[in-house]
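Below: one structure, written as structure tokens.
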Amino acid sequence: MLQPLLDVKSLVKYHATHSGTVRAVDGVDLQVHAGETLGLVGESGCGKSTLGRTIVRLHDPDEGRISFKGQDISRLSRRELRPVRRQMQMVFQDPYASLNPRRTIRQILTEPFTVHDVGTRREQAQRVDELVARVGLHPDHADRHPHELSGGQRQRISIARAIALEPSLVVCDEPVSALDVSIQAQIINLLRRLQSESGSAYLFISHDLSVIGYLADRIAVMYLGEIVEIAPKRALWNQPLHPYTQALFSAIAEPLPPSVPRRPRVSMKGDLPSPLNPPSGCRFHTRCPQVMPRCREAAPPLQEAAPEAGGGHRVACWLHHVP
Ligand code: SF4
């Protein structure tokens, strides 16, 4: 089996709040392979953005290991991380907050080349022109400031900045959720096209399973800091096993494609519990329609659910536990 591009093992990230310490990411294992898109879905507050930021080392992990191209990057210093950052980029939810308002688009897009000392000034200018065209903007946009662009155009600039140095991995954190629905599809199509041209892998984070469905090859479902199910998209679409995943499918507003089997609706009880004091045993037990006594006492392991179907479908639920 090929070595994964990104290999995350037992990752833990704490957040100190004024009410106490939250284990925002609590023992996460996941892998992203070269050129693929792993979708990461879960409700707001489940820890998925913290996981994305910890993977690209905007946060320092508290425990566990992050390997990128076979190198353990979990404890690298800022200086040691520099060459890694070139290959691992992030697109944020709010393009306005992530672009310096005082700089022109040309200055913003030139920065990756100057920071990493790539090309002459003339070559950098040429690369910026190419980037502007690649993300579907007009050459004139390069001389404007972020506030002179629409939300969709600003997100195109954020994407251009992220792909400037042709990274192997782009972590996209809710890149379309701040945009109008009509613009969302354009940005998703742009990300798809760029990936087919460049072969970069994406970790695509969203609270919206239908958005993830357009892009992902595999999908990981996160609940209160833990991965509860991970599977190839088709397997998850055809047979979601975890009651939480089933409830997320039930909450999709738009009609699913005809190829997706119809299923009875599964609804969750109550709200997401406080991550400051997560429930004992299976963390989903306070909301699960199929809860059993065992679920309150012990946490189910994330384990292979259907090895006969070729493997790769793992779930953490006592209903599917294989002793
Ligand atoms: Fe529901 Fe129990 Fe499965 Fe948790 S382990 S999802 S509470 S059935």
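The values are calculated or read from the model by the stated rules, or taken from the named source; none is laboratory data. In this text the structure is predicted, and so the values were computed from the model without any measurement. Ideal geometry is used to build each Cβ from the backbone, glycine not excepted, and the neighbour counts take in all protein chains shown.
With the condition being more than 18 Å from Leu40 (Cβ to Cβ) and either within 16 Å of the ligand (Cβ to nearest atom) or of a type outside the set (A, V, I, L, M) (or both), I'd like the helices (runs of 4 or more DSSP H) fully within segment 167-254 carrying at least 1 qualifying residues. I'd like the intermediate steps shown before the answer.
On the way: elements: 181-198, 209-215, 233-238, 243-250.
It comes to 181-198, 233-238, 243-250.
Please work out if Leu169 is aliphatic (A, V, I, L, M), touching a residue at least 60 places away in the same chain (Cβ under 8 Å) and surrounded by 20 or more Cβ atoms within 10 Å (Cβ to Cβ).
Values: aliphatic (A, V, I, L, M): yes; touching a residue at least 60 places away in the same chain (Cβ under 8 Å): yes; surrounded by 20 or more Cβ atoms within 10 Å (Cβ to Cβ): yes.
Spelling it out, Leu169 is indeed aliphatic (A, V, I, L, M), touching a residue at least 60 places away in the same chain (Cβ under 8 Å) and surrounded by 20 or more Cβ atoms within 10 Å (Cβ to Cβ).
Looking only at segment 278-323, count how many residues are touching a residue at least 60 places away in the same chain (Cβ under 8 Å) and either closer than 26 Å to Lys13 by Cα or away from the ligand (no atom under 14 Å from the Cβ) (or both).
Restricting attention to segment 278-323, the residues satisfying the condition of being touching a residue at least 60 places away in the same chain (Cβ under 8 Å) are 278, 283-284, 302, 305-306, 309, 312-317, 319-320.
Of the ones still in play, those that are also either closer than 26 Å to Lys13 by Cα or away from the ligand (no atom under 14 Å from the Cβ) (or both) are 278, 283-284, 302, 306, 309, 312-317.
Matching residues across segment 278-323 total 12.
Being exposed (fewer than 11 other Cβ atoms within 10 Å of the Cβ) and part of a loop (DSSP other than H, G, I, E, B) is the filter; apply it to segment 1-17 and report the residue that is nearest to the chain's Cα centre (by Cα).
Selected residue: Leu2.
Condition first: part of a helix (DSSP H, G or I) and either among the aliphatic types (A, V, I, L, M) or touching a strand residue (DSSP E or B) at 6+ places or on another chain (Cβ under 6 Å) (or both). Now tell me which residues in segment 115-139 satisfy that. Lay out the reasoning, then the answer.
In the first step, residues of segment 115-139 are kept if they are part of a helix (DSSP H, G or I); the result is 115, 121-134, 139.
Across segment 115-139, the qualifying residues are Val115, Ala125, Val128, Leu131, Val132, Ala133.
Restricting attention to segment 19-41, which residues are assigned to a strand (DSSP E or B) and over 19 Å from Tyr244 (Cα atoms)?
Once the filter is applied, which keeps residues that are assigned to a strand (DSSP E or B) and over 19 Å from Tyr244 (Cα atoms), segment 19-41 yields Gly20, Thr21, Val22, Arg23, Gln31, Val32, Thr37.
Being in a helix (DSSP H, G or I) and modelled with pLDDT of 95 or more is the filter here, so list the residues in segment 95-114 that pass it. Even if it seems obvious, please write down each step before you answer.
To start, the set of residues in segment 95-114 that are in a helix (DSSP H, G or I) comprises 95-98, 105-114.
Ile105, Arg106, Gln107, Ile108, Leu109, Thr110, Glu111, Pro112, Phe113, Thr114, listed by residue number.
Which of the residues that make up segment 42-86 are within 24 Å of Ser198 (Cβ to Cβ) and either outside any helix (DSSP H, G or I) or of a type in the set (Phe, Trp, Tyr) (or both)?
Across segment 42-86, the qualifying residues are Val56, Arg57, Leu58, Ile66, Ser67, Phe68, Lys69, Gly70, Gln71, Ile73.
Would segment 200-211 turn up any residue that is aromatic (Phe, Trp, Tyr), at pLDDT 90 or above, more than 17 Å from the chain's Cα centre (by Cα) and surrounded by 15 or more Cβ atoms within 10 Å (Cβ to Cβ)?
To start, the set of residues in segment 200-211 that are aromatic (Phe, Trp, Tyr) comprises 202, 204.
Still in the list and also at pLDDT 90 or above: 202, 204.
Filter once more, so that each one left must be more than 17 Å from the chain's Cα centre (by Cα): none.
Within segment 200-211 (the criterion being aromatic (Phe, Trp, Tyr), at pLDDT 90 or above, more than 17 Å from the chain's Cα centre (by Cα) and surrounded by 15 or more Cβ atoms within 10 Å (Cβ to Cβ)), the answer is no, since none of the residues qualifies.
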